[in-house]
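The values are calculated or read from the model by the stated rules, or taken from the named source; none is laboratory data. Predicted model, so just to flag it, every value in this text is computed and none were measured. Cβ: placed from backbone, ideal geometry, glycine included. Neighbour counts: every protein chain shown. When the accessible area is computed, the model is the full protein with side chains, heavy atoms only, and any ligands, DNA or RNA have been set aside. Shrake-Rupley method; radii C 1.70, N 1.55, O 1.52, S 1.80 Å.
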Amino acid sequence: MKQEGQPIAMLTAYDYPMATLVDASGIDAILVGDSLGNAVLGYDSTVPVTMDDMIHHLRAVSRGVKRAMVIGDMPFLSYHVSREESVRNAGRLMQEGLAQAVKLEGGREVVDTVKAITAAGIPVMGHLGLTPQSVHQLGGFKVQGKDREAAERLLTDAKLLEEAGAFAIVLECIPQQLAKVITESVSIPTIGIGAGVHCDGQVLVVNDLLGMFSNFTPKFVKKYANLKEQIVQACSSYREEVKNRVFPGPEHVFNMAEEELKKIY
């Protein structure tokens, strides 16, 4: 798609119902991100998400997808302890989670890990810029690569990830000018999130896109719907009808024959 100049549309999904809907929309790739920590599990960051969490949600999403590529995030500390453990955990996401590829965060520090995982026959997507698993080390959720030194480091990291065998790279929260330079400097696709229109594709958290998660909305998010209000209103209407004995109505109930009813009195 990059070679043909076709933009790549990617979204997250975390469960079977949402995966079936996202897949039906024609989306090219679905990321089961460790963002499920924030979007689904109620954590303040992605750090508490475990391998078991990822596998559980990956399996659910994979069962709902017929056509899109499914990519699973490698969670915090699943690829940091040793190369052997990294390969084993990546393999679990494929074998148990039914993912078709894995994603991990970092640049030069994970190059050897990327090489080892790809050598095992597992496709790897990289992730540069604002890397949520390292948010405390980065000093919070801030735009990355704004000065020359930081920008050159990210550019070098992107080239190193490509050389290590990564098939694509997510670029998160970096200046659009830098994203353009990186995109033009590597032959593999770049997928932007808060990185501008010059990336080869875009990804958003589906809960943000649908307006279901409103505790915090990053600048780079565009809401295509406001389902939070609709869901709360629907639940509120149900509650009122139950309280007023309006629901269930005649059309929602079952009846028995009058002669059979008399037999039990």
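In the frame of its principal axes, segment 9-86 has Cα extents of 38, 28, 20 Å, reported largest first.
The helix-only estimate of mean residue ellipticity at 222 nm for the chain, built from DSSP H runs of length n ≥ 4 each weighted as -39500 (n - 2.57), is -11500 deg cm²/dmol after division by the residue total. Multiplying the residue separation of Glu229 and Met256 by 0.36 nm and removing their Cα-Cα distance gives an extension gain of 5.8 nm.
Taking the 1.4 Å solvent-accessible surface of the chain as the whole, the part contributed by carbon and sulfur is 54%. Computed from backbone phi with θ = phi - 60° and the Karplus coefficients 6.51, -1.76 and 1.60, the 3J(HN,Hα) list for segment 67-77 is 10, 6, 6, 10, 10, x, 6, 8, x, 3, 6 Hz; x is used for glycine and proline. The mean accessible area for residues of the chain, using a 1.4 Å probe and ignoring ligands and nucleic acids, is 55 Å² per residue. Among Lys146/Lys222; Lys115/Lys142; Lys2/Lys103, which pairs are too far apart, with a Cα-Cα distance over 25 Å? Where the Cα-Cα span goes over 25 Å, the pairs concerned are Lys115/Lys142.
Around the amide H of Leu130, modelled in the peptide plane, lie the amide H atoms of Gln144, Glu172, Cys173, all under 5 Å away and 5 or more residues distant in sequence or on another chain. Prolate is the label for the chain, because a/c, from the alpha-carbon gyration tensor with a ≥ b ≥ c as root eigenvalues, is 1.5 or above and a/b exceeds b/c.
Peptides 164-173, 192-201, 81-90 ranked from most to least packed by the mean count of surrounding Cβ atoms within 10 Å: 164-173, 192-201, 81-90. As a ratio to 2.2 N^0.38 Å, the alpha-carbon radius of gyration computed for segment 145-234 takes the value 1.31. A 1.4 Å probe, protein heavy atoms only, puts the accessible area of Tyr224 near 140 Å².
In order along segment 145-156, phi translates into HN-Hα couplings of x, 7, 10, 4, 4, 5, 5, 5, 5, 5, 4, 5 Hz, rounded to whole numbers, per the Karplus curve 6.51 cos²θ - 1.76 cosθ + 1.60 with θ = phi - 60° and x for Gly and Pro.
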